Amino acid sequence: MSVPPSPRGDQRPTVHVQDRYRSWINQSSVWLLVVDLIRHLQCFVAVAEELHFGRAARRLGVAQPPLSQRIQRLERELGVRLFERSSRHVTITKSGALLLDEARQLLAHSEALMATARRIQEGHSGLLRAALPPDITGETVAAILAGFQERAGGVELELHESGTSEQLARLASHELDVGLIHHPCDVSGLELGPVLRHELGVLLPHDAPEARLETVPLAALTGYDLILFPRAHAPAVHDDLLTTCARHGYTPAAVRHGQGPSFIRGLLLSSRAIAFGPRDAHHAGDPDLSWRPLSGAPLARRHSAAWPKGRGDAAVRAFADTVTDALGRTAAGPDLSTGPLHLRPAAEYWI
Amino acid sequence: MTEPPARTHPRDRIRAAFAEAGVTGRLHAVDIDSGAQIDVGADQPVVTASVHKLPLLVTLHQHAEAGHLALTDQAESPAEGRTAGPTGLSAMLDPARLSLRDAAYLMMAVSDNTAAELLLERVGLDAVNKTTERLGLTRTHAVQTFREFIAGIREDAGPGGSQALADPQVLARLRALDPARTNRSTARDMTRLLGAIWRDEACGPEHSAAVRRLLGLQVWPHRLASGFPFDEVHVAGKTGSAPTLRNEVGVIEYPDHGRYAVAVFTRAASPAAALPAADAVIGTAARIAIDALRSPAPR
């Protein structure tokens with residue numbers, strides 16, 4: 001079938017974009033051109049977000065001249081001016097702004113397509129990219145690996161260790177298929193498995209006077225520094241925990257950021273500091289440390305499996321179910337908020 | 001990250017401020033007179049919530065200008081059936097009668113949902129969309145009334161009520177947080193609207209001045225205004241909020257006649273209702289942007 005040459009120059013009605021597509025689709029190398037369009041759109045989105053050709057080029061890992069050429073070619077092909085360039089500023093045009101959303105969506109879809117293609121490329125022996133947070137115990141990791149093997153033996157599991165912030169970023173860019181995240185965090189664009197709640201107790205040197213108490217009120221920890229995971233791993237979880245401590249009368253004079261079990265152990269034994277952890281954490285059985293429940297169970301770690309909306313295929317579900325089972329064995333039941341909520345007038349909404 | 005703050009691009013400092021406060025944020029700031037701007041996700045669709053009371057206010061004044069109504073027309077607000085809200089008529093117990101312009105004052109000063117609903121009944125949702133369309137705000141659209149917006153949150157929260165809004169599962173399904181399914185705009189569209197109001201283009205000079213006056217009477221000190229603790233700087237704005245969402249759009253005016261439209265839309269990772277840092281970062285981010293716009297050095 002022959003294709004009439006597309007009109008050039010004089011008239012460019014809005015259907016022109018579609019006409020170009022039709023002519024592409026009738027050519028033999030459809031795939032190459034689609035990949036090409038995706039590359040051009042990546043350039044467009046990068047420049048639109050940076051509003052600076054140099055920064056966009058750095059972000060894409062390309063030189064600036066080919067980036068400028070790509071933008072020019074895209075503008076030519078679309079028949080639309082995307083950016084205004086002056087010697088000092090790049091600004092997005094109104095037409096560019098109108099196309100930006102669709103370009104982003106197309107990029108997201110293409111990433112999703114690539115990820116799914118990778119997974120099904122070799123029939124059943126697909127690949128699932130999953131992540132677990134660093135504070136999970138070795139026993140739980142082992143249980144998850146074994147459980148997943150049972151549920152989805154045909155799928156190869158690529159397991160990463162990363163904190164909630166990193167997982168959220170990688171889920172959003174579809175570099176990760178499923179994760180286990182700590183709440184609260186920004187859940188836009190995600191689907192979640194059941195939220196599990198693990199009560200946190202206090203870890204302290206076994207000769208500390210508070211270690212003799214059956215349960216420790218948070219207020220009794222006044223005077224101890226707090227050892228907590230680095231805030232960047234999950235800022236909202238970090239802040240939420242400090243707010244709850246403050247609400248119950250414990251405002252630590254200093255927060256020391258640390259994560260590894262031996263580092264935390266060292267701090268606990270050598271300085272006047274405490275840490276929070278679930279009963280089944282790494283320190284169980286350590287003769288120098290005591291774990292005590294907190295009075296009224298005010299603190300909890302809450303997590304759930306999470307995956308990008310609309311991408312919960314069989315392998316993702318199998319992983320989510322495995323994680324929920326493995327953690328559910330030690331969870332304190334469903335997550336329920338406690339206490340009243342007093343919305344203040346500046347909240348603007350009232351339900 | 002290790003670079004001293006003054007040397008990094010304002011966009012990076014704004015992103016860092018958002019991250020530090022535990023929110024994701026979109027910002028657009030523009031010098032109303034020169035057009036110089038700072039853009040952090042300014043074209044991303046955002047949920048407007050009560051920020052949409054500003055397009056409603058402009059619509060009201062356009063209708064008054066066209067003679068469709070008089071701002072001194074009286075409106076009845078019966079005690080029954082008021083739209084839920086913590087301020088203004090929404091919080092009052094007895095029937096009230098007031099002029100349209102006084103209802104507009106309550107809507108802008110304390111984000112009174114019942115007053116907003118009264119005015120929306122007069123002009124209609126379609127008229128609000130026509131106004132934004134005529135002003136070239138192509139990404140701005142209202143699909144529901146304020147009463148419907150709040151009812152939607154209540155419905156999606158389910159029997160657990162407002163406490164259920166702390167549940168990640170509930171938040172993930174809240175329609176009020178999805179720009180595709182509720183009233184929406186972009187930071188860039190909102191600064192365009194503010195620019196039109198400050199240049200007397202949204203309405204004639206008299207009505208534009210009335211709109212500016214009401215924006216200057218907003219009582220909240222915790223968001224945009226918190227970034228400008230300077231007696232000689234004038235702050236005018238309108239907030240918008242929903243679970244995890246904190247917004248404000250407004251104009252900052254300096255005594256040297258510099259005037260800057262700024263729109264900030266944030267979503268917090270934490271569902272907590274009291275989150276002072278998330279409110280304050282709206283002012284912090286706006287201040288970084290406006291300081292950069294005012295700086296003589298190249299950005």
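A compact table of results
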{"read-out": "Test: residue in the stretch A:240-253 that is open to solvent by less than 40 Å² (accessible area, probe 1.4 Å), part of a strand (DSSP E or B) and at pLDDT 95 or above", "value": "no"}
{"read-out": "Residue check for residue B:268: crowded, with 23+ Cβ neighbours inside 10 Å and of a type outside the set (Ser, Thr, Tyr)", "value": "yes"}
{"read-out": "Filter result for the condition that a residue is at pLDDT 85 or above, within 27 Å of the chain's Cα centre (by Cα) and surrounded by 15 or more Cβ atoms within 10 Å (Cβ to Cβ), over A:100, A:67", "value": "A:100"}
{"read-out": "Any hit, the stretch B:86-93, residues being surrounded by fewer than 12 Cβ atoms within 10 Å (Cβ to Cβ) and under 20 Å from residue A:351 (Cα atoms)", "value": "yes"}
{"read-out": "Failed item, numbered, when residue A:234 is tested on (1) within 14 Å of chain B (Cβ to nearest Cβ); (2) in contact with a strand residue (DSSP E or B) (Cβ under 8 Å, 6 or more places away or on another chain); (3) surrounded by fewer than 20 Cβ atoms within 10 Å (Cβ to Cβ)", "value": "(3)"}
{"read-out": "Contacts under 6 angstrom Cβ, first residue in the stretch B:260-277 being closer than 21 Å to residue B:185 by Cα and at pLDDT 95 or above, partner of a type in the set (Ser, Thr, Tyr) and outside any strand (DSSP E or B), 6 or more apart", "value": "B:261/B:191; B:263/B:191; B:267/B:244; B:268/B:244"}
{"read-out": "Residue match in the stretch A:209-222 (condition: over 16 Å from residue A:296 (Cβ atoms), of a type outside the set (A, V, I, L, M, F, W, C) and crowded, with 18+ Cβ neighbours inside 10 Å)", "value": "no"}
{"read-out": "Hits in the stretch B:237-260 (condition: surrounded by 24 or more Cβ atoms within 10 Å (Cβ to Cβ), within 17 Å of residue B:209 (Cα to Cα) and not β-branched (Val, Ile, Thr))", "value": "B:237, B:238, B:250, B:260"}
{"read-out": "Of all residues making up the stretch A:195-214, the number that are modelled with pLDDT under 95 and either among the β-branched types (Val, Ile, Thr) or within 20 Å of residue B:272 (Cα to Cα) (or both)", "value": "6"}
{"read-out": "Residue in the stretch B:72-94 that is away from chain A (no Cβ under 14 Å) and either part of a helix (DSSP H, G or I) or under 24 Å from residue B:180 (Cα atoms) (or both) present", "value": "no"}
{"read-out": "Flag for residue B:17 being under 17 Å from residue B:263 (Cα atoms), away from every other protein chain (no Cβ under 11 Å), part of a strand (DSSP E or B) and touching a residue at least 60 places away in the same chain (Cβ under 8 Å)", "value": "no"}
{"read-out": "Candidate set: the stretch B:137-181, residues that are acidic (Asp, Glu) and in a helix (DSSP H, G or I); chosen: the one farthest from the other protein chains (Cβ to nearest Cβ)", "value": "B:148"}
{"read-out": "Residue within the stretch B:103-117 that is at positive phi, surrounded by fewer than 24 Cβ atoms within 10 Å (Cβ to Cβ) and within 13 Å of chain A (Cβ to nearest Cβ) present", "value": "no"}
{"read-out": "Inter-residue pairs, beta-carbon under 6 Å, first touching a residue at least 12 places away in the same chain (Cβ under 8 Å) and outside the structural domain of residue A:238 (by TED's automatic domain parsing) and in the stretch A:155-178, second of a type in the set (Lys, Arg) and open to solvent by less than 40 Å² (accessible area, probe 1.4 Å), 6+ apart", "value": "A:158/A:129; A:176/A:129; A:177/A:129"}
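The values are calculated or read from the model by the stated rules, or taken from the named source; none is laboratory data. Fair warning: this is a prediction, and the values are worked out from it, not measured in the lab. For neighbour counting, all protein chains shown are included, and Cβ atoms are generated from backbone atoms with ideal geometry for every residue, glycine included. In case anyone asks, the SASA skips ligands and DNA or RNA and just uses the protein heavy atoms, side chains included. Shrake-Rupley method; radii C 1.70, N 1.55, O 1.52, S 1.80 Å.
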